[in-house]
1. Could you list, ordered by first residue, the pairs with Cβ atoms under 8 Å in which the first is in the range 224-247 and on the phi > 0 side of the Ramachandran plot and in contact (Cβ under 8 Å) with a residue 12 or more places away in the chain and the second is crowded, with 23+ Cβ neighbours inside 10 Å and not in a strand (DSSP E or B), at least 6 apart or interchain?
2. With the requirement that a residue be free of Cβ contacts under 8 Å to residues at least 40 places away in the same chain and either in a loop (DSSP other than H, G, I, E, B) or not small (Gly, Ala, Ser) (or both), what does the range 145-154 give you?
3. Can you name the residue in the range 248-271 that is in a loop (DSSP other than H, G, I, E, B) and either in contact with a strand residue (DSSP E or B) (Cβ under 7 Å, 6 or more places away or on another chain) or on the phi > 0 side of the Ramachandran plot (or both) and is also surrounded by the most Cβ atoms within 10 Å (Cβ to Cβ) among such residues?
4. I want to confirm something. Restricting to the range 121-141 and keeping residues that are touching a Pro at 6+ places or on another chain (Cβ under 9 Å) and among the small types (Gly, Ala, Ser), which single residue is nearest to Arg77 (Cα to Cα)?
5. Do we find that Ala64 is closer than 19 Å to Asn146 by Cβ and touching a residue at least 12 places away in the same chain (Cβ under 8 Å) in this structure?
6. If you scan the range 1-26, which residues turn out to be touching a helix residue (DSSP H, G or I) at 6+ places or on another chain (Cβ under 6 Å), part of a loop (DSSP other than H, G, I, E, B) and surrounded by fewer than 24 Cβ atoms within 10 Å (Cβ to Cβ)?
7. What residue, among those in the range 83-102 that are surrounded by fewer than 18 Cβ atoms within 10 Å (Cβ to Cβ) and under 29 Å from Tyr172 (Cα atoms), is modelled with the lowest pLDDT?
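The values are calculated or read from the model by the stated rules, or taken from the named source; none is laboratory data. Predicted, not measured: the structure shown is a model, and the values here were computed from it. Glycine also receives a Cβ, built like all others from the backbone with ideal geometry; neighbour counts cover every protein chain displayed.
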Amino acid sequence: MALLQGKNALITGASRGIGLAIAKRFAAEGANTVLCASRLGAHGDLHGTLEGAVAAIQTAGGRAAAEVCDLSDDSARADLVARAEAHFGPLDIIVNNAAASSMRLPSEVTREQRNRMYEVNLNAPVDLAQQALPGMRERGCGWILNISSFSAKQPVVPYRDSQIAAHVITAYGATKAALDRYTQGLGHEVAADGVYVNTLAPENIVLTSGADYVRDIARRSPDMAEPVEVMAEAALLLCSDRCVGQVCYSRQLLHARGRRVMSLDGHSDLGDAFLPADLDATA
């Protein structure tokens with residue numbers, strides 16, 4: 001039986017990249033997926049849009065629906081869980097993947113930029129968890145997965161790429177460090193109720209259509225890159241198993257569990273946790 005058969009999942013930031021990959025992988029395992037992004041497409045071009053993402057899952061035989069929400073606006077996200085549940089029923093899974101970033105030196109990042117990052121990267125996941133938790137606890141079952149980043153930790157010296165690359169990601173990494181800490185505490189609080197809360201981060205760089213600005217870094221250090229399928233498989237593991245308050249890294253988690261990496265449609269075994277990334281990938 002499919003791992004997520006009949007489960008209802010909300011994935012934010014799901015119009016492309018990691019979020020869409022997770023949605024496709026979950027749908028392939030039987031989940032009813034609600035994909036959330038900040039806007040619909042324009043001028044009928046479905047590539048990289050929320051409509052296109054939903055259509056891709058439906059075309060592959062999965063069940064999917066769309067919800068538009070600006071997660072930086074607390075009033076806009078105040079009823080997002082209820083809106084998501086109107087599509088297929090009570091949520092069993094939430095994947096908080098949406099993120100905001102401002103690549104500025106820590107001495108220069110503005111209050112406005114910091115506030116937006118904290119709203120999207122920390123406050124929105126907390127709000128969505130608090131909206132969903134009463135129902136999950138009552139049903140005695142649920143999974144909340146927060147997508148974090150290797151930038152939550154200060155990179156060691158000497159820096160693998162450049163000093164400025166290490167510095168400009170500081171403020172973004174601080175929001176992810178806060179998310180990691182919150183997740184650990186919440187995960188331990190609600191585990192006794194059958195709800196499992198964890199964070200997952202890529203080892204470094206996931207090469208998707210939104211990763212063009214780091215593609216040169218990946219080419220200089222190929223071992224820093226990973227295929228999006230690795231993240232999707234690790235997310236599936238954490239949203240179908242009983243893990244409590246873990247701060248996980250994708251390749252490490254899959255390797256520790258001896259988990260094979262499947263294609264997003266679930267049909268092909270691609271390899272193990274050491275699966276190399278295609279440095280020219282654009283999807």
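1. Pairs that qualify, where the first residue is on the phi > 0 side of the Ramachandran plot and in contact (Cβ under 8 Å) with a residue 12 or more places away in the chain and the partner is crowded, with 23+ Cβ neighbours inside 10 Å and not in a strand (DSSP E or B), are Gly245/Thr183.
2. First pass over the range 145-154, keeping only residues free of Cβ contacts under 8 Å to residues at least 40 places away in the same chain: 151, 153-154.
Result: Lys153, Gln154.
3. First, pick out the residues of the range 248-271 that are in a loop (DSSP other than H, G, I, E, B): 258-260, 263-268.
With either in contact with a strand residue (DSSP E or B) (Cβ under 7 Å, 6 or more places away or on another chain) or on the phi > 0 side of the Ramachandran plot (or both) added as a condition, the list becomes 258, 260, 263, 266, 268.
Numbers: Gly258: 8, Arg260: 13, Ser263: 15, Gly266: 19, Ser268: 11.
Among those residues, the one meeting the criterion is Gly266.
4. Ala132
5. Values: closer than 19 Å to Asn146 by Cβ: no; touching a residue at least 12 places away in the same chain (Cβ under 8 Å): yes.
Criteria not met by Ala64.
6. Residue satisfying the conditions is Leu4 alone.
7. This residue is Ser102.
Yes or no, residue by residue, for (1) modelled with pLDDT under 95; (2) in a loop (DSSP other than H, G, I, E, B); (3) surrounded by fewer than 15 Cβ atoms within 10 Å (Cβ to Cβ); (4) among the acidic types (Asp, Glu):
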{"site": "Glu108", "(1), (2), (3), (4)": "no, yes, yes, yes"}
{"site": "Leu122", "(1), (2), (3), (4)": "no, no, no, no"}
{"site": "Asp127", "(1), (2), (3), (4)": "no, no, no, yes"}
{"site": "Ala132", "(1), (2), (3), (4)": "no, no, no, no"}
{"site": "Trp143", "(1), (2), (3), (4)": "no, no, no, no"}
{"site": "Val156", "(1), (2), (3), (4)": "yes, yes, yes, no"}
{"site": "Asp180", "(1), (2), (3), (4)": "no, no, no, yes"}
{"site": "His188", "(1), (2), (3), (4)": "no, no, yes, no"}
